[in-house]
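**Student:** The structure follows.
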Amino acid sequence: MKKPKTLDSVTVNRKAKYDYILGDELTVGMALSGPEVRSIRDHHVQLKGSFVTIRNSELWLNNLTLGAETTRNIKLLATKKQIKSLEREKVAGSTIVPVKLLGGARHIKLVIAIGKGKKKYDKRESIKKRDIERGRYA
């Protein structure tokens with residue numbers, strides 16, 4: 001009996017935790033072509049600088065870097081109910097941030113989160129907490 005494959009993290013947007021206070025996470029699918037899937041499975045992908053927008057009641061991932069510095073806009077697959085809730089959050093002043101790209105199993109998924117932008121002093125506080133956890137300030 002075969003074990004089902006788990007979704008492994010292909011890439012993580014580490015800058016997202018630094019720039020935003022992240023809230024609820026949502027896992028969505030992606031509409032990809034064959035070469036794009038191959039690039040992602042080979043870890044030739046970057047989430048840095050990418051963002052999610054809502055156009056015509058559809059979710060779009062913008063500025064995803066695939067392979068040799070090509071940036072693409074990719075449609076994200078989510079239910080209408082999920083998109084409506086994200087629209088309400090966006091109107092309230094939040095941002096939709098891509099956090100993690102999951103692969104390894106049959107499907108490739110993207111984890112997005114609702115984020116509220118940090119101020120400069122919040123970012124300094126994050127750096128201070130991280131340094132304390134590492135044991136630099138004992």
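Nothing in this text is a laboratory measurement; each read-out follows from the coordinates by a stated rule. None of the values given here were measured: they were computed from a predicted structure. For neighbour counting, all protein chains shown are included, and Cβ atoms are generated from backbone atoms with ideal geometry for every residue, glycine included.
**Student:** Here are labelled values, (i) -0.31, -0.96, -1.11, -1.32; (ii) -0.27, -0.95, -1.15, -1.42; (iii) -0.23, -0.90, -1.17, -1.65, and one is the computed log10 I(q)/I(0) by the Debye sum over Cα atoms at q = 0.09, 0.17, 0.19, 0.22 Å⁻¹ for what I pasted. Which one?
**Tutor:** The calculated read-out lines up with (i).
**Student:** Just going by the charge dipole of the chain, with Lys and Arg at +1 and Asp and Glu at -1 on Cβ, which of VAL97, GLY67, LEU77 is farthest out on the positive end?
**Tutor:** Towards the positive end, the residue furthest out is VAL97.
**Student:** Points 7 angstrom from Cα along the Cβ direction at TYR18 and ARG41: gap in nanometres?
**Tutor:** 3.2
**Student:** Something else now. In whole Å, how far is the Cα centre of segment 62-76 from that of segment 98-113?
**Tutor:** If you average the Cα positions of each part, the centres end up 14 Å apart.
**Student:** Something else about it: Suppose the chain between GLU58 and LYS84 were pulled fully straight at 0.36 nm per residue; how much longer would it get relative to their current alpha carbon spacing?
**Tutor:** 8.4 nm
**Student:** Suppose the chain between LYS120 and HIS107 were pulled fully straight at 0.36 nm per residue; how much longer would it get relative to their current alpha carbon spacing?
**Tutor:** Value of the extension gain: 0.9 nm.
**Student:** With only Lys, Arg, Asp and Glu charged, each at its Cβ (+1 for the first two, -1 for the last two), find how big the charge dipole of the chain is about the Cα centre; round to the nearest 20 debye.
**Tutor:** 300
**Student:** Would you please state which residues of segment 74-114 a label at SER9 would reach in this model, taking the label point 7 Å out along Cα→Cβ and a backbone N cut-off of under 18 Å?
**Tutor:** 97-105, 108-114
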